[in-house]
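See structure below.
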Ligand code: FES
Ligand SMILES: [Fe+2]
């Protein structure tokens, strides 16, 4: 049977509200489709502008088979280039970050300037024109200091996200944040299992006792409404608006990257996501006081931001291979905050470091079970709605591409 029709039938046989068939986590053809139509076709967070402030400052982002160099140009703007030499394809930049005046390919020494232009290539024929061999330019955009890249020359539009997320992003003054800490968590599981786990809090009460003590997402809606009302009152007192935006993946209009925003109350006594609930960094942006809330932003299928009143945790899920993914976490604070005086790195990282270490274990256990001959899709609970919607979006994207 034709492989394409096979996958098409498999997609249409998935029951909404149930977990996916095993082959979505193990089949190389499905993974290839995801690579071509999801992984390289959506925006992914690549860091904060403050990480590469000066001309020549760069960082590298690896996603599945792709590698990008994000570099501050001579004129101060930002560029992203495919980290692939135009001679015979070696990776050009082997460092994760740094500052340079040129990139020299380690294989045969072709040299590119920081604007991606080839400036030296030894012993090439007389008709060789360096101008024809610049590094391939990637799509790059910046939202309030947050850098996003896409490995597609025609990426989804960020216009909706830019307009609708403007007010909530301004509330935290994302532009004037800095990265206080960053950590990579390698996960031996398909990228979808990693993101699916982040999408639901059905597991939080059992797996994350520290998180469950402060975050009310573990509560059912009625109980949460009461604490939520209290937080909204405090927000109003600070002159802030409670905003809800639901244009995530499947709800985004054709051609637009999906996005979402909401703020949820923490339990009484918790001002922020710290061990004892007390402040751990200077208040952000427009916050005059702690409102006892935490905001969730989603932008595209891989990037999730959690914004407390005094710090932001950016979560990026990166597919690496069919059963390897990474979670990259950035902890951001106000750019004038001083380490040791205004914040302590360990305190800042504590909650989401222990939570993510636990998630890694859960996700890998999930992967092992899903690979078994006894695995069968199971029904979602009411607390896994976001995961269910996410899966529907993936199926829709794949189905559309396969029939195109
Ligand atoms: S592959 Fe880069 S110089 Fe040959
Ligand atoms: Fe978790």
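The table below lists the values:
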item: The range 344-377: number of residues that are away from ligand 2 (no atom under 16 Å from the Cβ), farther than 25 Å from residue 312 by Cβ and in contact with a strand residue (DSSP E or B) (Cβ under 9 Å, 6 or more places away or on another chain); result: 1
item: Some residue of the range 57-68 being crowded, with 16+ Cβ neighbours inside 10 Å, within 14 Å of ligand 1 (Cβ to nearest atom) and either touching a residue at least 12 places away in the same chain (Cβ under 8 Å) or in a strand (DSSP E or B) (or both); result: yes
item: Among the candidates 298, 281, 314, 294, residue that is under 21 Å from residue 197 (Cα atoms), buried (at least 18 other Cβ atoms within 10 Å of the Cβ) and over 14 Å from the mean Cα position of the chain (by Cα); result: 294
item: Search result, residues across the range 194-223 that are more than 12 Å from ligand 2 (Cβ to nearest atom) and either buried (at least 20 other Cβ atoms within 10 Å of the Cβ) or not in a helix (DSSP H, G or I) (or both); result: 214, 216, 219, 220
item: Filtered residue count, the range 79-126, keeping only those that are surrounded by fewer than 17 Cβ atoms within 10 Å (Cβ to Cβ), assigned to a loop (DSSP other than H, G, I, E, B) and either within 16 Å of ligand 2 (Cβ to nearest atom) or within 26 Å of the chain's Cα centre (by Cα) (or both); result: 4
item: Check on residue 95, touching a helix residue (DSSP H, G or I) at 6+ places or on another chain (Cβ under 9 Å) and either at pLDDT 95 or above or away from ligand 1 (no atom under 15 Å from the Cβ) (or both); result: no
item: Test: residue in the range 378-386 that is surrounded by fewer than 16 Cβ atoms within 10 Å (Cβ to Cβ), more than 30 Å from residue 283 (Cβ to Cβ) and in contact with a strand residue (DSSP E or B) (Cβ under 8 Å, 6 or more places away or on another chain); result: yes
item: Restricting the range 356-366 to residues that are in contact with a helix residue (DSSP H, G or I) (Cβ under 8 Å, 6 or more places away or on another chain) and surrounded by fewer than 20 Cβ atoms within 10 Å (Cβ to Cβ), the residue that is farthest from residue 20 (Cα to Cα); result: 358
item: Single condition residue 15 does not satisfy, out of (1) more than 28 Å from residue 256 (Cβ to Cβ); (2) surrounded by fewer than 15 Cβ atoms within 10 Å (Cβ to Cβ); (3) at pLDDT 95 or above; (4) in contact with a strand residue (DSSP E or B) (Cβ under 9 Å, 6 or more places away or on another chain); result: (1)
item: Residue within the range 172-187 that is assigned to a helix (DSSP H, G or I), in contact (Cβ under 8 Å) with a residue 24 or more places away in the chain, closer than 27 Å to residue 23 by Cβ and away from ligand 2 (no atom under 15 Å from the Cβ) present; result: no
item: The listed residue being within 24 Å of residue 319 (Cβ to Cβ) and near ligand 1 (Cβ under 10 Å from one of its atoms), out of 89, 109; result: 89
item: Flag for residue 21 being in the same structural domain as residue 77 (by TED's automatic domain parsing) and modelled with pLDDT of 95 or more; result: no
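The values are calculated or read from the model by the stated rules, or taken from the named source; none is laboratory data. Predicted model only: the values in this text are computed from it and were never measured. So basically every Cβ, Gly included, is an ideal-geometry build from the backbone, and we count neighbours across all protein chains shown.
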